[in-house]
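K.L.:
What follows is a structure written as structure tokens; I'll ask about it next.
The values are calculated or read from the model by the stated rules, or taken from the named source; none is laboratory data. Predicted, not measured: the structure shown is a model, and the values here were computed from it. Neighbour counts are summed over all protein chains in view; Cβ atoms, including those assigned to glycine, are modelled from backbone coordinates with ideal geometry.
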Amino acid sequence: MSTNSFADEFGQVNRMDSKKIDHLLRTGCPDTCREEFGKMLDEISFYDFKSMILRMYVCTDIYLVARKFAAELGISDSRFTSLLGTADDLEDHLSTVEATAQYLISIVEQCIKWRIENAKDSKNCVVGNAKRYIEFNYMRDDMSLDTIAREVGLSPTYFSALFKKETGCCLTNYLNKVRIDKSKQLLCCTSKMIYEIAFEVGFQDYRYFSQIFKKYTGQTPRQFQKLANVRT
């Protein structure tokens, strides 16, 4: 290989972002992780690499990210190496670009599998953590499925299904219910304007807040407030 060719490939290797790999392990779905990881390899033109040294460089980087992530999940070193080998075994997977890529994909898929198994073992804890996170952050206007799923370390798709299975309620409805319950307290107990209350519980649009409020209570915020004042 010419010096220029090696330098070009080395420049491509440096574009591999280990943070992206870590993010994929933490949030990727089994059904799409192979495609997502393939795009990462394409970004650095991995399949054009002719140097075994550079393949080792990429392989070692991803292996170390995966091993650290697995340790966070409580996967023992012996369990990790029994399935994915030790660092000394990496050279065995460098015979061709395709062989290296397949090995790296197997690392990614196995780590995501471990993450999901770990989440299943503690699914009640995950849902409980999500509920607590909502309770303390419902007023944020950036609260979303992606935000909460990232907080509990699951992919949005898997977390959404898990939350609904465990609570019988989709995440959006649960978040809206929490916000409406908080707004009812403010409507009864404060002299704040309705638009101020809407903003305070996480709604940026007063009209949308009114629509959601009526959906959950059968009354507009103003009607609810008037009845509450009459009763008091």
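K.L.:
If you check every pair at least six apart or on different chains, which have Cβ atoms under 8 Å apart with a residue in the range 125-139 that is without any contact (Cβ under 8 Å) to a residue 60 or more places away in the chain and among the β-branched types (V, I, T) first and a residue that is surrounded by fewer than 16 Cβ atoms within 10 Å (Cβ to Cβ) and not in a loop (DSSP other than H, G, I, E, B) second?
P.N.:
V127/E166; V127/T167
K.L.:
Hey, another quick one. Cβ-Cβ under 7 Å, sequence separation 6+ or interchain: first residue in the range 175-196 and among the aliphatic types (A, V, I, L, M), partner in a loop (DSSP other than H, G, I, E, B). Which pairs?
P.N.:
Correct list of pairs: L175/Y138; L175/M143; V178/Y138; L186/K192.
K.L.:
What residue, among those in the range 9-30 that are modelled with pLDDT under 60 and surrounded by 14 or more Cβ atoms within 10 Å (Cβ to Cβ), is nearest to A101 (Cα to Cα)?
P.N.:
V13
K.L.:
Going by the structure shown, is I75 closer than 18 Å to R34 by Cβ and either out of contact with any Asp or Glu (no Cβ under 9 Å at 6 or more places or on another chain) or of a type in the set (F, W, Y) (or both)?
P.N.:
no
K.L.:
Still on this structure, I have one more. Residues that are closer than 30 Å to T220 by Cα, small (G, A, S) and modelled with pLDDT of 90 or more: does the range 93-107 have at least one?
P.N.:
There is no residue in the range 93-107 that is closer than 30 Å to T220 by Cα, small (G, A, S) and modelled with pLDDT of 90 or more.
K.L.:
Show the residue pairs meeting these rules: Cβ distance below 7 Å; 6+ apart or different chains; first residue within the range 24-45 and assigned by TED's automatic domain parsing to the domain that holds E117; second residue in a loop (DSSP other than H, G, I, E, B).
P.N.:
From the range 24-45, the pairs are R26/G153; T27/S155; G28/S155; C29/S155; E36/G28; E43/R15; I44/R15; I44/M16.
K.L.:
Now for a separate question. Being closer than 30 Å to D22 by Cβ, surrounded by 13 or more Cβ atoms within 10 Å (Cβ to Cβ) and not assigned by TED's automatic domain parsing to the domain that holds W114 narrows it down to one residue among A161, A198; which is it?
P.N.:
None of the other options fit; the residue is A161.
K.L.:
If you check R207, R222, which single one turns out to be touching a residue at least 24 places away in the same chain (Cβ under 8 Å), in a helix (DSSP H, G or I), farther than 30 Å from K113 by Cβ and of a type in the set (D, E, K, R)?
P.N.:
Residue meeting the stated conditions: R222.
K.L.:
Among the numbered criteria (1) at pLDDT below 90; (2) in contact with a Ser or Thr (Cβ under 8 Å, 6 or more places away or on another chain), which one does D61 miss?
P.N.:
If we test D61 against (1) at pLDDT below 90; (2) in contact with a Ser or Thr (Cβ under 8 Å, 6 or more places away or on another chain), just (1) comes out false.
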